[in-house]
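To start, the structure under review is shown below, and the notes come after it.
The values are calculated or read from the model by the stated rules, or taken from the named source; none is laboratory data. No experiment lies behind these values; they were computed from the predicted model shown. Glycine gets a Cβ as well: all are built from the backbone with ideal geometry, and neighbour counts include every protein chain shown.
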Amino acid sequence: MRLFLIIAISILTLAFACKTKPAASSVSNKTLGTVSHKYKSAGCNTIIIIEKEKDRLVLIPSQSLPSEFDKDGMEIYFDYNMLKIPSPAGCGEGIPATISNISKK
């Protein structure tokens with residue numbers, strides 16, 4: 001009887017622990033930023049500016065953005081990972097980053 005009780009509790013625990021969570025909205029975890037070319041004359045092609053309340057973060061994409069998103073002033077949602085590499089020549093402000101999962105606002 002004791003063995004049966006232990007097995008039953010184990011099965012019920014596994015059954016409740018293995019339930020999947022509903023998928024979140026595709027935009028909920030993404031960051032909102034604005035594409036800019038304001039340092040293009042200095043040699044820095046594209047940057048993405050993230051403004052949150054009083055904080056401002058400037059990202060330098062490690063690879064070119066797809067042409068449909070590389071438009072000055074366009075607001076986009078995206079995921080990013082900051083890189084520990086030097087900024088490209090001409091990019092005095094900003095942090096190099098990989099940009100992925102881009103979508104228009």
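Structure above, values below:
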{"item": "Extreme residue, farthest from Ser87 (Cα to Cα), among residues of the stretch 1-53 that are at pLDDT below 65, hydroxyl-bearing (Ser, Thr, Tyr) and surrounded by fewer than 10 Cβ atoms within 10 Å (Cβ to Cβ)", "result": "Thr20"}
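Per-residue answers, yes or no, for (1) assigned to a strand (DSSP E or B); (2) under 12 Å from Leu32 (Cβ atoms); (3) in contact with a helix residue (DSSP H, G or I) (Cβ under 6 Å, 6 or more places away or on another chain):
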| position | (1), (2), (3) |
| --- | --- |
| Ile49 | yes, yes, no |
| Lys71 | no, no, no |
| Tyr77 | yes, yes, no |
| Asn81 | yes, no, no |
| Ile85 | no, no, no |
